[in-house]
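**Q** After the structure tokens below, expect a handful of questions from me.
The values are calculated or read from the model by the stated rules, or taken from the named source; none is laboratory data. Owing to the predicted nature of the structure, the values given are computational and were not obtained by experimental measurement. Every residue, glycine among them, receives a Cβ derived from its backbone with ideal geometry; neighbour counts consider all protein chains shown.
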Amino acid sequence: MDYRPARRPGEGESEADQPNVEVAMLKGTRISPVDVETLPDDLRETLEEQRRLRGAPLYPYLFYARNPAYFRAAKAMFAALQQETTRVPAALRGLLNRRVAWWNGCEF
């Protein structure tokens with residue numbers, strides 16, 4: 001299975017023109033790729049679902065997978081934001097998601 005992070009082709013690029021995104025994202029960092037095959041079943045299932053839906057797992061989830069507790073917490077937070085709640089109006093859920101990501105130093 002290919003567990004490269006998902007990335008949309010840039011302007012003038014096709015899917016075939018994409019470089020190996022995982023190598024590009026890890027170049028210059030000290031973070032080695034996570035071995036997906038050794039992860040707990042629930043984490044592997046989530047990454048596989050992302051691969052089916054988006055063509056590859058989302059990069060932040062590959063990073064979260066390095067610590068199963070963080071992975072599960074992030075997954076629960078995003079699931080809670082997707083549910084209909086009265087505290088967070090639907091129009092603000094995406095903004096709240098980005099704000100939490102910003103607090104955590106995430107650039108996406």
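**Q** Having 3 or more residues that are over 11 Å from the mean Cα position of the chain (by Cα) and either hydrophobic (A, V, I, L, M, F, W, C) or surrounded by 12 or more Cβ atoms within 10 Å (Cβ to Cβ) (or both) is the bar; report the helices (runs of 4 or more DSSP H) wholly within region 31-100 that clear it. Spell out the reasoning first.
**A** Values: elements: 41-54, 59-64, 68-82.
Hits in region 31-100: 41-54, 68-82.
**Q** Which numbered condition in (1) modelled with pLDDT under 60; (2) within 25 Å of Met77 (Cα to Cα) is the only one that Pro19 fails?
**A** Only one criterion in (1) modelled with pLDDT under 60; (2) within 25 Å of Met77 (Cα to Cα) is unmet by Pro19, namely (2).
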